[in-house]
Amino acid sequence: MEHCYQEDVKWILAEIFGLTRKFVFAKIACYQARRILSNGENAHCTIRPAAWWESILHLVASDYPEVKYYICVEFIWTDIEGEGSVFQKLSNYNFSETELDSPSITILEANGNLVPYVPYNVHVDSKWILYR
């Protein structure tokens, strides 16, 4: 979503919610990309705080009450030991309502050549979705 222009975010999220029947899982980067596009712009053109993403998600999700979502908003932090990621959870999913099993989850990301790959190791139990 960080690669989409801010004015397009709402309708793109609505398309995603409209295409699913049960669950949306996504990671949104809230930091500058290392890559600069040929036009000189940063590849992450929409960098907004978690509260902004949460308001957009509430707005879109209200039209799809049957769809649950779990969005990880990623921030980069740096300290004397180096750089790391911190994730803030934005979700309308109550883990005690439904059990998920690992085979029912597909997480895809694309590399720079738009080749899909699975970058996360996912473990699911009745209370948590853990990823690395």
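The values are calculated or read from the model by the stated rules, or taken from the named source; none is laboratory data. Since we're looking at a predicted model, the values are computed, not measured. Counting neighbours? That spans all protein chains shown, and the Cβs are built from the backbone with ideal geometry, glycine included.
Things to note:
- Cβ-Cβ under 8 Å pairs, at least 6 apart or on other chains, segment 63-82 side among the basic types (K, R), far side part of a strand (DSSP E or B): K68/F23; K68/V24; K68/S91
- Among the residues of segment 56-79, not a single one is of a type in the set (S, T, N, Q), in contact with a helix residue (DSSP H, G or I) (Cβ under 6 Å, 6 or more places away or on another chain) and within 19 Å of E15 (Cα to Cα).
- H58 touching a residue at least 40 places away in the same chain (Cβ under 8 Å) and either out of contact with any Asp or Glu (no Cβ under 8 Å at 6 or more places or on another chain) or closer than 22 Å to Y93 by Cα (or both): no
- Selected residue (criterion: surrounded by the fewest Cβ atoms within 10 Å (Cβ to Cβ)) from residues of segment 90-116 that are at pLDDT below 65 and hydrophobic (A, V, I, L, M, F, W, C): L114
- Checking A26, A14 one by one, the residue that is in a helix (DSSP H, G or I), over 13 Å from F75 (Cα atoms) and either modelled with pLDDT under 95 or of a type in the set (A, V, I, L, M) (or both) is A14 and no other.
- Once segment 44-58 is narrowed to residues that are in a helix (DSSP H, G or I) and either modelled with pLDDT under 95 or not β-branched (V, I, T) (or both), the residue that is farthest from Q32 (Cα to Cα) is H58.
- Taking the criterion of being surrounded by 12 or more Cβ atoms within 10 Å (Cβ to Cβ) and either basic (K, R) or assigned to a loop (DSSP other than H, G, I, E, B) (or both), the residues of segment 59-89 that qualify are Y64, V67, K68.
- For segment 24-47, the set of residues classified as out of contact with any strand residue (DSSP E or B) (no Cβ under 8 Å at 6 or more places or on another chain) and either closer than 24 Å to N94 by Cβ or crowded, with 17+ Cβ neighbours inside 10 Å (or both) consists of T46 only.
- Qualifying residue in segment 27-39 (condition: touching a residue at least 12 places away in the same chain (Cβ under 8 Å) and more than 18 Å from S85 (Cα to Cα)): no
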